[in-house]
1. Condition first: away from the ligand (no atom under 13 Å from the Cβ), free of Cβ contacts under 8 Å to residues at least 12 places away in the same chain and closer than 27 Å to Ile15 by Cα. Can you find one or more residues in region 33-49 that meet it?
2. Need the failing condition index for Arg223 against (1) over 30 Å from Ala84 (Cα atoms); (2) without any contact (Cβ under 8 Å) to a residue 40 or more places away in the chain; (3) charged (D, E, K, R), just the number.
3. Can you find, within region 173-216, the residue that is nearest to Ala56 (Cα to Cα) among those that are part of a helix (DSSP H, G or I) and more than 13 Å from the ligand (Cβ to nearest atom)?
4. Working only within region 54-72, note down all residues that are within 14 Å of the ligand (Cβ to nearest atom) and either buried (at least 16 other Cβ atoms within 10 Å of the Cβ) or hydroxyl-bearing (Ser, Thr, Tyr) (or both).
5. May I ask you to say which residue of Ala254, Ala315 is in contact with a Leu (Cβ under 6 Å, 6 or more places away or on another chain) and over 30 Å from Leu47 (Cβ atoms)?
6. Just the residues that are free of Cβ contacts under 8 Å to residues at least 60 places away in the same chain, within 18 Å of Leu122 (Cβ to Cβ) and not β-branched (Val, Ile, Thr), please, taken from region 170-191.
7. Being within 21 Å of Asp201 (Cα to Cα) and not in a loop (DSSP other than H, G, I, E, B) is the filter here, so list the residues in region 133-154 that pass it.
Amino acid sequence: MAYVQIDKQAFIKNINTIIEKVGRKEAVAIVLKDNAYGHGLQSMAQLSCEQGIAHAVVRNVMEAKQIASQFSTIMILAPERYEAVENFYYVVNAIETLEAVPAACNIELKVDTGMHRNGIALSELPKALAIIQARQLRLAGVLSHHRSADELGSAYFWQEHHFQAVKKEVTAFCQTEGMPIPRFHNKNSAALFRANTLDDDLVRIGIAAYGLLRLPSVFTPYRFWPVMSLVATCNSCRTLETGEALGYGGTFIAPQRMQVGNYDIGYADGMMRTLSNRYETPSGALLLGRVSMDNSSFNTTDDALIVFNDANHIADAAQTLAYEVLVSMNPNLKRCIV
Ligand SMILES: *Cc1c(COP(=O)(O)O)cnc(C)c1O
C-alpha cells in the first residue's frame, strides 16, 4: 500500500533552524492548518510539543479540538463556531464579526496591511478598537499577513511599515484605556527568513518547518530538510512491445520493447493528473502515460517506488507550489513516521 513517510529528524532540524533564527522558542507558533500541511495533525502537533513549541495555528475549531491539550495557545484562522476555551484564540477577519463574537472568547484581530484578502482595513482600526472596548472583548492578539514575502519588491517593506503603525495605535489605545497589550505578529516563514531584525511577539511558521521554504537567492540561504515523502507500491508489471500504448487515451507509446510497472498512487491520492508523461522520480523513473484515479505507471518494476521526497520538485513538474502538493495528499494514506 502506498504511504506518506514523515522524516522526524528532518522536522526537528527545521524547527531548530527556526528557533535559532527567532532567538527564542516561546515566540514560535507552528502552523498546523489543513492536517498540518498534509503531514498529519496529531503527529506533527506531538513532534512540535516535544521540541518545546507552545503555540499552534489551525484552520478551524475541529482541528483545534484535536490538539487542545498540547499547546498554550491555539489560533484559529477561520472559525466555524465559537467555544470559550481558555487556549483558543479566534481570528477576527471582518469588523462585523466583532459585533457577533461571544465576549467570553479570546480574539485576535486581523488587519489588512496590503494583501486585501482578509482583515479589517487600516481605516477601520479606531472603530474596531471602540467596539472591542464597548463589548469588553478579550483582545489577545493583533496580526497581519504578507502577500509577497517570498518575492523581491517593495510590498514586504510597506506592509511591515503599516503593521508598525497598527502596533503603535493599538498599544497607545490599550495603555490609555487600561487594557492588556495584545501580542503582535506579522510573519510567515518567508517573512521571518528574509528579515534582519525581529520585534514581533510571535512568528507563524508553516512551510519552513516542513522543509520546503524557497526564497530568492539574494537572501541569506538557510538549509531546510523536506519532511514528507510519498512511497508507492507496485500493483503489477508487464512488457510493452514496440508501438504498444499505455493507459487512458494511449498517450504513451513504447519506443521499444520495455518493462513497465503500475503503482498504487493516482490523482485520488493527490498525484496530480497534470504530471502525466512529464514527471521523473528522484531515482530517475519516468511517469508513463496518464495518471489514473488510483494508479499510475512508470518505467520501473521495483516493489517500492519513492514518488517524491522533495515536494518542490514535483510541484515544479505540476506547475504548482509545494503547499498544494502537500495538502493534496489524501488523508486516508497512511502516515509513517521514520
Ligand atoms: C498559512 C499561514 C501562515 C504560514 O505560512 P507559511 O508560508 O507556510 O510559513 C502564516 N500565517 C497565516 C495567516 C497563514 O494563513
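The values are calculated or read from the model by the stated rules, or taken from the named source; none is laboratory data. Since the structure is predicted, the reported quantities are computational estimates derived from the model, not experimental observations. All Cβ positions, glycine included, derive from the backbone under ideal geometry; neighbour counts span all protein chains shown.
1. no
2. It is condition (2) that Arg223 fails.
3. Within region 173-216, the first condition is being part of a helix (DSSP H, G or I), and the residues that meet it are 173-177, 189-194.
Those left that are additionally more than 13 Å from the ligand (Cβ to nearest atom): 173-177.
Working: Phe173: 27, Cys174: 25, Gln175: 28, Thr176: 31, Glu177: 29 Å.
Filtering region 173-216 for residues that are part of a helix (DSSP H, G or I) and more than 13 Å from the ligand (Cβ to nearest atom), the one nearest to Ala56 (Cα to Cα) comes out as Cys174.
4. His55, Ala56, Val57, Val58, Arg59, Glu63
5. Ala254
6. Within region 170-191, Ala172, Phe173, Cys174, Phe184 meet the criteria.
7. Within region 133-154, Arg138, Leu139, Ala140, Gly141, Val142, Leu143 qualify.
Let's see how each residue does on (1) of a type in the set (A, V, I, L, M); (2) at pLDDT 95 or above; (3) assigned to a helix (DSSP H, G or I); (4) over 15 Å from the mean Cα position of the chain (by Cα):
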site	(1), (2), (3), (4)
Ala10	yes, yes, yes, yes
Glu26	no, yes, yes, yes
Ala29	yes, yes, no, no
Ala36	yes, yes, yes, no
His39	no, yes, no, no
Gly52	no, yes, no, yes
Met62	yes, yes, yes, yes
Ala68	yes, yes, no, yes
